[in-house]
1. Find all pairs meeting these conditions: Cβ atoms under 6 angstrom apart; at least six residues apart or on different chains; first residue within the range 69-97 and more than 17 Å from V47 (Cβ to Cβ); second residue assigned to a helix (DSSP H, G or I) and of a type in the set (G, A, S).
2. Taking the range 59-75 as the search range and keeping residues that are touching a Cys at 6+ places or on another chain (Cβ under 9 Å) and surrounded by fewer than 19 Cβ atoms within 10 Å (Cβ to Cβ), which one is farthest from N4 (Cα to Cα)?
3. Can you tell me which of E41, E127, E104, E110 is closer than 23 Å to L3 by Cα, exposed (fewer than 15 other Cβ atoms within 10 Å of the Cβ), of a type outside the set (V, I, T) and in contact with a Lys or Arg (Cβ under 8 Å, 6 or more places away or on another chain)?
4. Scan the range 1-15 for residues that are part of a loop (DSSP other than H, G, I, E, B) and crowded, with 19+ Cβ neighbours inside 10 Å and jot them down.
5. Of the residues that sit in the range 58-79 and are modelled with pLDDT under 95 and assigned to a helix (DSSP H, G or I), which one is nearest to I116 (Cα to Cα)?
6. Taking the stated definitions as given, is F36 more than 19 Å from R103 (Cβ to Cβ), aromatic (F, W, Y) and under 15 Å from the mean Cα position of the chain (by Cα)?
Amino acid sequence: MKLNEVSVDDASFCSPDTPVADIVKILRKKFIRAVFVGDPENILGIVSDQIIFKNISEGKDLVKMKAKDIMRFDCQMLDINASIEEAYRKSAKNPCRVYAVKREGKVIGEISKKRIALLYNDIKKNEIFDLEKRIKSIKM
């Protein structure tokens, strides 16, 4: 199974000068975990709900802050044609919780590490189920 066979959340973008308060509104309105800083062809970074929570817990005044003040620069990308197994292996090595999904060099969506793990586990469960069925058919 590949990423192009599952639904990914639409990508949302903002500029580096977008106020954090506006990013929070986007996250809440669209029920997403992250907003990419930049545009589909040039991602500069990412602002996620976890980055916002971390800054709040550190006592930072987010009212005056902009995306460029809190964004992570190491936004991870997955190609839409990557297999779920490939995506899982990449996510297992990386602490990022949200991945940009790209097609032909442009970001078209996002997928969470949790969703990748759930899809991977479903694939493995189905493989085990199929194997058990084959074993039972051999025994008969």
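The values are calculated or read from the model by the stated rules, or taken from the named source; none is laboratory data. Computed from a prediction, not measured in an experiment: that's the story for all the values here. Using ideal geometry, Cβ is built from the backbone for each residue, glycine included, and neighbour counts are taken over all protein chains shown.
1. Listed by first residue and then by second, the contacts come to L78/A87.
2. R72
3. On inspection, the qualifying residue turns out to be E41.
4. Residue satisfying the conditions is A11 alone.
5. So the residue we want is L62.
6. Criteria not met by F36.
Residues are listed down the side, and each one gets a yes or a no for (1) out of contact with any strand residue (DSSP E or B) (no Cβ under 7 Å at 6 or more places or on another chain); (2) farther than 11 Å from I70 by Cβ; (3) touching a residue at least 24 places away in the same chain (Cβ under 8 Å); (4) assigned to a strand (DSSP E or B):
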residue: D17; (1), (2), (3), (4): no, yes, yes, no
residue: K25; (1), (2), (3), (4): yes, yes, no, no
residue: I46; (1), (2), (3), (4): no, no, yes, yes
residue: K54; (1), (2), (3), (4): yes, no, no, no
